[in-house]
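Before any comments, here is the structure.
The values are calculated or read from the model by the stated rules, or taken from the named source; none is laboratory data. Keep in mind the model is a prediction, meaning the values are calculated, not measured. Note that we place each Cβ from the backbone using ideal geometry, even for glycine, and neighbour counts take in every protein chain shown. Calculation scope for accessible area: heavy atoms of the full protein, side chains included, ligands and nucleic acids excluded. Shrake-Rupley method; radii C 1.70, N 1.55, O 1.52, S 1.80 Å.
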Amino acid sequence: MSDDVIDRHDPRANGPNPVLRYLVSQFHRPRGPVGRLAGWVLANRSSNVERGRFLVDLLELEPGHRVLELGPGPGVALTAAAERITAGHLVAVDHSTTMLEQCAERNRDLLRDGRLTLVNADARRLPGDLIGFDRIWAMNVWHFWPDQDDAIADLARRLAPGGRLVIGHQPRNRGAGPADADAARRCLRDQMADAGLDPDDRVLDLDPPAVFVVGHRS
């Protein structure tokens with residue numbers, strides 16, 4: 001398997017090669033044995049680990065925060081976040097039952113203690129009771145959303161006053177470079193502003209760069 005996860009916008013995602021199309025679908029919605037292998041890649045690839053640590057630092061979490069992660073994958077970032085959220089609650093939403101199973105395995109103590117709730121749902125159609133979060137974050141799932149403007153506006157409404165929405169993206173299309181990352185950064189900033197959030201951004205020096213846009217709710 002290539003070290004690069006193929007982006008939905010990469011021509012290989014819709015090309016004639018059925019093997020590549022299948023691999024793309026596994027990183028979009030992991031399932032079955034190959035999906036579990038995709039989860040292992042997501043949990044262990046060095047760039048993923050570095051991105052996750054950077055994002056958790058960027059969240060500036062406090063012990064009592066109520067937080068939501070969209071697309072937690074195998075749950076590595078949740079584990080790191082839980083070390084800082086000692087009196088709050090974590091919610092993770094994923095449309096892949098395979099990823100939720102890996103998330104549960106990695107964070108069984110959080111589930112046992114009632115500190116973590118796992119929800120099988122699409123990030124674009126979240127349950128109505130998921131509101132009032134101090135922090136919401138997503139890493140490398142934004143590019144899968146066909147209705148990004150509406151999705152970000154919905155997430156902004158689910159933030160508590162003073163809350164923060166953080167979306168990270170590292171382009172994975174063939175030949176991706178700094179220009180692709182910067183285009184994503186600018187697009188995310190515009191979408192955050194249109195949703196009524198005050199955007200800020202950071203760049204992590206990877207190859208290609210990973211960009212993180214932070215939307216602050218007043």
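Points to keep in mind about this one:
- Pairing each residue of the range 68-90 that is part of a loop (DSSP other than H, G, I, E, B) with any residue that is of a type in the set (Ser, Thr, Tyr) and open to solvent by 10 Å² or more (accessible area, probe 1.4 Å), provided the two are 6+ apart or on different chains, yields no C-beta distance under 7 Å.
- In the range 115-125, of all residues being out of contact with any helix residue (DSSP H, G or I) (no Cβ under 7 Å at 6 or more places or on another chain) and in contact (Cβ under 8 Å) with a residue 12 or more places away in the chain, the one that is nearest to Asp150 (Cα to Cα) corresponds to Asp122.
- So Leu70, is it open to solvent by 20 Å² or more (accessible area, probe 1.4 Å) and at pLDDT 95 or above: no
- Residue in the range 168-198 that is most open to solvent (accessible area, probe 1.4 Å), counting only those that are touching a His at 6+ places or on another chain (Cβ under 7 Å) and not hydrophobic (A, V, I, L, M, F, W, C): Asp198
- Within the span defined as the range 147-166, one or more residues are small (Gly, Ala, Ser), surrounded by fewer than 16 Cβ atoms within 10 Å (Cβ to Cβ) and assigned to a strand (DSSP E or B).
- Within the range 71-117, being small (Gly, Ala, Ser) and either touching a Pro at 6+ places or on another chain (Cβ under 9 Å) or at positive phi (or both) holds for Gly71, Gly73, Gly75, Ala87, Gly88, Ala92, Ser96, Gly114.
- Residue match in the range 94-113 (condition: out of contact with any Ser or Thr (no Cβ under 7 Å at 6 or more places or on another chain), without any contact (Cβ under 8 Å) to a residue 24 or more places away in the chain, in a loop (DSSP other than H, G, I, E, B) and surrounded by fewer than 22 Cβ atoms within 10 Å (Cβ to Cβ)): yes
- Meets criteria (touching a Lys or Arg at 6+ places or on another chain (Cβ under 8 Å) and either crowded, with 22+ Cβ neighbours inside 10 Å or free of Cβ contacts under 8 Å to residues at least 40 places away in the same chain (or both)) for Leu130: no
- Filter result for the condition that a residue is at pLDDT 55 or above and open to solvent by less than 10 Å² (accessible area, probe 1.4 Å), over Gly39, Gly75, Gly52, Gly35: Gly75
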